[in-house]
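Chemist: Pasting in a structure now, in structure tokens, and then I'll have a few things to ask.
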Amino acid sequence: MAGEAARLRGHPSVSSFLIGSDFAPDAEIERGYVDALRAADWRTPVVSAATAASAPLTGASGMRMTGPYDWVPPRYWYDKREGGATGFNSETSAGPSIHTLDTLRRMMSAAELEALWRDPSARQYHRSPSRTFATLKLQGGAYFGAKKANEPLHVQYSYDDRTVAVVNRRHDAASGLTARVSLFTPGGVSKYDRSVRGLAVGGDGAKTTVLTLPAAVDGLPATYLARLVLSDGDGREVSRNVYWLSTRPDVVDYAATDWYHTPTTGYADLTGLRSMPPAPVSATASTTATTPTTGTDPAGTSTTTVTLRHTGSGGAPALLTDVHLVDDRGAPVLPVRWSDNQVSLWPGESATLTATYRTADLHGSAPHLRISGWNTPKATVDAGR
């Protein structure tokens, strides 16, 4: 423990040390941990366990390990009645999810991929051996979903009361903001459009409510899209959030809550997304490379900049347009750091993304971009050199 304490005490991502996971330590074991951490000049909190437990020296953990460990609808987190919807939750998961196709092709054989799509009972590497978690789930938002939710200045929709709010996680307050809220059919027909100007929001996590969406909007189908755009005083877009929603609410059966989830007995109707018209997206790209050095960048890095533009003549947005950096053979270039991805664009809109990676990982190939999306025809674009 003394070695671990010395190794981890200065790590920038360590916020606390938990002695136990499901169980708290007894007095003798706890004393060994606490003494070693103190000797290493440990400055962050020492917690007895990740679950709701206590220990003689450190006392109550203040934590909860109540899941859920399977998919629950968005409204679950707003009701704050069960599991991780309340308190400081140390463990939660949406359950097993399907990786991207590129990843599946790297980790699974052709026969295993065939079984993944055709045989629900087949054992898969991505599944848990537990019968409880042995079924396939929806693919989560993962990295870019978390990145969007935690951006410093953020506009968001609340599923519980239909409010739209601006959240500011920066230290300094923000003012002179404009929020625009638009509701569309899956085909892109506008059914609601409101702008609120002169918004101000404090810093350090402050929130300002923009407006409350009406309970009913004329002509809104069962499946619809909400586009939220936040602009600064100069008209520059600083936050964008797109939701796919339904006039039919999810129904959560709290009486049947168990240790790993709360079942859903009625689902929001999102089937309208299947009928979205194709939305073509064009892309222009260029790549610049740094000169290799003998210092911190011995191999040299490349940055590919791509501008996506919705070029369709209809009203339907291009939902979740995804860009992959690939080589001459179409194989993904990894690792790569994207500034953003999986963006949604309405006709005439554009977005500029950057991808940074080690030049050597191209293995002599020219960079290319593979573009796809929920309703975007697939395309490959030369990214220059």
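Chemist: Scattering from the C-alpha atoms of the stretch 20-65 alone, worked out with Debye: what is log10 I(q)/I(0) at q = 0.28 1/Å?
Modeler: One equal scatterer on each Cα of the stretch 20-65 leads to -1.00.
Chemist: Over all alpha-carbon pairs of the stretch 168-302, lay out the pair-distance distribution in 5 Å bins, whole %, shortest bin first.
Modeler: Result, from short to long distances: 2, 8, 11, 12, 11, 11, 13, 13, 7, 5, 4, 2, 0 percent.
Chemist: Here's something else I'd like to know. Ratio of alpha-carbon Rg to the 2.2 N^0.38 Å globular estimate for the stretch 146-198, to two decimals, please.
Modeler: 1.32
Chemist: Here is a further query. What do you get for Rg/Rh over the stretch 229-338 if you use C-alpha atoms and the Kirkwood form of Rh?
Modeler: 1.13
Chemist: OK, next. Whole angstrom only: what separates the Cα centroid of the stretch 225-297 from the Cα centroid of the stretch 326-385?
Modeler: Comparing the Cα centres of the stretch 225-297 and the stretch 326-385, I get a distance of 18 Å.
Chemist: With θ taken as phi - 60° and the coefficients 6.51, -1.76 and 1.60, list the Karplus ³J(HN,Hα) couplings across the stretch 152-158 in order, rounded to whole Hz; mark glycine and proline as x.
Modeler: For the stretch 152-158, the Karplus curve yields x, 10, 9, 10, 9, 10, 10 Hz.
Chemist: Between S109 and D340, how many nm apart are label points set 7 Å from Cα along the C-beta direction?
Modeler: Simple spin-label model gives 4.3 nm for this pair.
Chemist: Right, here's the next one. Any lysines with Cα under 27 Å of the K80 Cα? List them, leaving off those in the same chain fewer than 8 positions away.
Modeler: Excluding near neighbours in sequence, the set is K137, K147, K148, K207.
Chemist: Spelling out what I want: for every residue of the stretch 320-327, take phi, set θ = phi - 60°, compute 6.51 cos²θ - 1.76 cosθ + 1.60 (Karplus), and round to whole Hz; glycine and proline get x.
Modeler: Karplus values, whole Hz, x for Gly and Pro: 6, 5, 10, 10, 10, 8, 10, 9.
Chemist: Then there's this: Modelling each spin label as a point 7 Å along the Cα-to-Cβ direction, I'd like the Q139/S313 distance in nm, to one decimal.
Modeler: With each label placed 7 Å out from Cα toward Cβ, I get 3.1 nm.
Chemist: Skipping prolines and chain starts, which residues have an amide H placed within reach, meaning under 5 Å, of the one on M63, given they are 5 or more residues away or on another chain?
Modeler: Excluding prolines and chain starts, which carry no amide H, the hits are A53.
Chemist: If I model a spin label as a point 7 Å beyond the Cα along the Cα-Cβ vector, how far apart are those points for D102 and A256 in nm?
Modeler: Rounded to a tenth, the inter-label distance reads 3.9 nm.
Chemist: Subtracting the Cα-Cα distance from 0.36 nm times the residue separation, let me have the gained length for D328 to I29 in nm, one decimal.
Modeler: Difference between extended and current length: 102.0 nm.
Chemist: Enumerate the amide H contacts of G300 below 5 Å, restricted to partners 5 or more residues apart or on another chain; note that Pro and chain-start residues carry no placed amide H.
Modeler: Those lying under 5 Å, H to H, from G300 are T293.
Chemist: Find the percent of Cα-Cα distances in the chain that exceed 35 Å, and round it to a whole number.
Modeler: 42 percent
Chemist: Could you size up the charge dipole of the chain around its Cα centre, putting +1 on the beta carbon of Lys and Arg and -1 on that of Asp and Glu, and report it in debye to the nearest 20?
Modeler: It comes to approximately 640 debye.
Chemist: In what order, largest first, do D204, D193 sit by accessible area if the probe radius is 1.4 Å?
Modeler: These residues rank, largest area first, as D204, D193.
Chemist: Any chance you could check the Cα centroid distance between the stretch 54-97 and the stretch 151-223 for me, in angstrom?
Modeler: Measuring centre to centre over Cα atoms gives 27 Å.
The values are calculated or read from the model by the stated rules, or taken from the named source; none is laboratory data. It should be emphasised that the depicted structure is a prediction, and the values quoted were computed from it without experimental measurement. All Cβ positions, glycine included, derive from the backbone under ideal geometry; neighbour counts span all protein chains shown. Accessible surface areas use protein heavy atoms only, side chains included; no ligands, DNA or RNA. Shrake-Rupley method; radii C 1.70, N 1.55, O 1.52, S 1.80 Å.
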